[in-house]
1. Relative contact order for the chain: what percent, with Cα pairs under 8 Å and sequence separation of 6 or more?
2. How long are the three semi-axes of the equivalent ellipsoid for segment 143-204, computed from the Cα gyration tensor as the root of 5 times each eigenvalue, in whole Å, largest first?
3. Mind ordering 50-56, 93-99, 83-89 by average Cβ neighbours within 10 Å, highest first?
4. If I model a spin label as a point 7 Å beyond the Cα along the Cα-Cβ vector, how far apart are those points for residue 247 and residue 351 in nm?
5. In whole percent, what relative contact order does segment 173-276 give with Cα contacts below 8 Å and a gap of six or more residues?
6. Quick one: angle between helix 71-84 and the longest Cα principal axis of the chain, in degrees between 0 and 90, rounded to 10, please.
7. Counting pairs of alpha carbon atoms under 8 Å apart in space and at least six apart in sequence, what relative contact order in percent does segment 10-168 give?
8. What order do you get for 59, 107 when you list them from fewest to most C-beta neighbours inside 10 Å?
């Protein structure tokens, strides 16, 4: 059933939310015909209207079937599709944030568990983007029974979406993402809930929420419905990670209780160095520079600043907005290669933007 040289490849996506919708857009941009199924018929109609899907309903000719639902529904839906799509050359995968339990209940070699490490604080189709997976790590959990050619095909599809595939045993995936995905989401939610409770007595608190707090809690705005399944199914790894975090916080508390300035500085410096060493940027952080630009709160500012970089042929590696607590203005932070930072700043100053440079 693999598409020939002159045939359009066909995919079926089950669950058309943020990830499923982004998959639809990405696959269509890569030349696929995409069909979709979802329990919400209105969402399917919206997906067609937005160009996410070509067709609503099953596709017996699909050579790729992706289940993009909350984790608790994946096993039954995959088994159902395995039965209704009997071809040996049909690829089946999912995008759930847990892998071990799903793999334990699906023994068909045509299924390869997957988890794209990408997302958005936006919910559902409103956040769907064709480029959501560009630069992302996409974990795959092949097993001994996985045909090498099937794995290679799926890796090729993932690369066509701009992501990098990483093979891990399912148990290792669940243990590691507890630290870098599941616990951070729970911490962000806890910070947001704590601030909201304090704000119930002092409304000024949330008015003071500047860039750091907003950055730390941004993921708390994501779709809550996908997380109960993930948290419960991966509870052992999450509890272990929470215990480690508790020890880190205990060290912070002890340093504060005893006013140990060197201890406080050491833990902050260690975290700063580790954060700067994180992989994922296309350019080594040592070769990057922040161009910090105070900007007014008006339409078109970001486009204008970005256009200056485009006119100069400068690649913008990252963008951040630090909002002012007082409102009306903020700081736009453009991360560019260090070798280009000077001429970019000069061009911005020429059109009236004051800016400063800070090496990373």
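A short reminder: the numbers here are calculations on the coordinates, not readings from a lab. The structure displayed is predicted, hence computed values, not measured ones. Cβ atoms come from the backbone with ideal geometry, glycine included; neighbour counts cover every protein chain shown.
1. Relative contact order, the chain: 12 percent.
2. Semi-axes from the Cα gyration tensor: 41, 15, 6 Å.
3. 93-99, 50-56, 83-89
4. Going from the residue 247 label point to the residue 351 one covers 5.2 nm.
5. Rounded, it is 33 percent for segment 173-276.
6. Its long axis makes an angle of about 30 degrees.
7. Relative contact order comes out at 24 percent.
8. So the ranking, lowest neighbour count to highest, is 107, 59.
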